[in-house]
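The structure appears below as structure tokens.
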Amino acid sequence: MAKTEKNNEREYRIDMEVVVDAYDSEERSIGWYYYVSDECSFPFRAKCTQIRRKSPLDLNDEVEVLGISPAEECEREIFVDIKWNNRKLAVPLSQIEGIDIDKKTEQVIEDWHYWIKRGYEF
């Protein structure tokens, strides 16, 4: 995946709000977990923007995002719970984009997508 161009404003926000004082991968994952959990307005509608082998979503599928998945499922990347065939299913946040969401939720999702596209890891 090609890296996205560096965005100084987004870098600063991530450094100061998300991974501030994080010294290792566990602390970075916790920072991201609470950033998504605290700043997103759940539930919201979203659509699939990329195919992932471990996810049943097809391109442009629309789903309801119920909330962030449990912390132990977000140790390597951020997952969110969706309604899927009358049950909860975890999908990568990087696989979806919000539909008609508030600005803060949109910013959080875009921050995560940016983080991934820059090649950053926990």
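Within segment 23-56, restricting attention to residues that are assigned to a loop (DSSP other than H, G, I, E, B) and in contact with a Lys or Arg (Cβ under 8 Å, 6 or more places away or on another chain), which residue is farthest from Lys117 (Cα to Cα)? The residue in question is Ser41. Restricting attention to segment 1-41, the residues that are aromatic (Phe, Trp, Tyr) and more than 14 Å from Gln107 (Cβ to Cβ) total 3. In a residue-by-residue description of segment 82-91, the property of being over 18 Å from His113 (Cβ atoms) and among the aromatic types (Phe, Trp, Tyr) applies to at least one position. The selection criterion, being assigned to a helix (DSSP H, G or I) and under 17 Å from the mean Cα position of the chain (by Cα), does not hold for Tyr12. When segment 52-70 is limited to residues that are modelled with pLDDT under 95 and closer than 26 Å to Gly31 by Cα, the one that is surrounded by the most Cβ atoms within 10 Å (Cβ to Cβ) turns out to be Ser55.
Residues in segment 1-45 that are touching an Asp or Glu at 6+ places or on another chain (Cβ under 6 Å), over 16 Å from Glu121 (Cα atoms) and among the small types (Gly, Ala, Ser): 1 in all.
Of all the residues in segment 57-101, those that are assigned to a loop (DSSP other than H, G, I, E, B) and among the β-branched types (Val, Ile, Thr) number 2.
Conditions tested, residue by residue: (1) surrounded by fewer than 17 Cβ atoms within 10 Å (Cβ to Cβ); (2) closer than 26 Å to Glu27 by Cα; (3) touching a residue at least 40 places away in the same chain (Cβ under 8 Å); (4) among the small types (Gly, Ala, Ser).
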| site | (1), (2), (3), (4) |
| --- | --- |
| Lys47 | yes, no, yes, no |
| Ile78 | no, yes, yes, no |
| Lys88 | yes, no, no, no |
| Ile96 | no, yes, yes, no |
| Ile99 | yes, no, yes, no |
| Asp102 | yes, no, yes, no |
| Trp115 | no, yes, yes, no |
| Glu121 | yes, yes, yes, no |
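The values are calculated or read from the model by the stated rules, or taken from the named source; none is laboratory data. It should be emphasised that the depicted structure is a prediction, and the values quoted were computed from it without experimental measurement. Note that each Cβ is placed from the backbone with ideal geometry, even for glycine, and that neighbours are counted across all protein chains shown.
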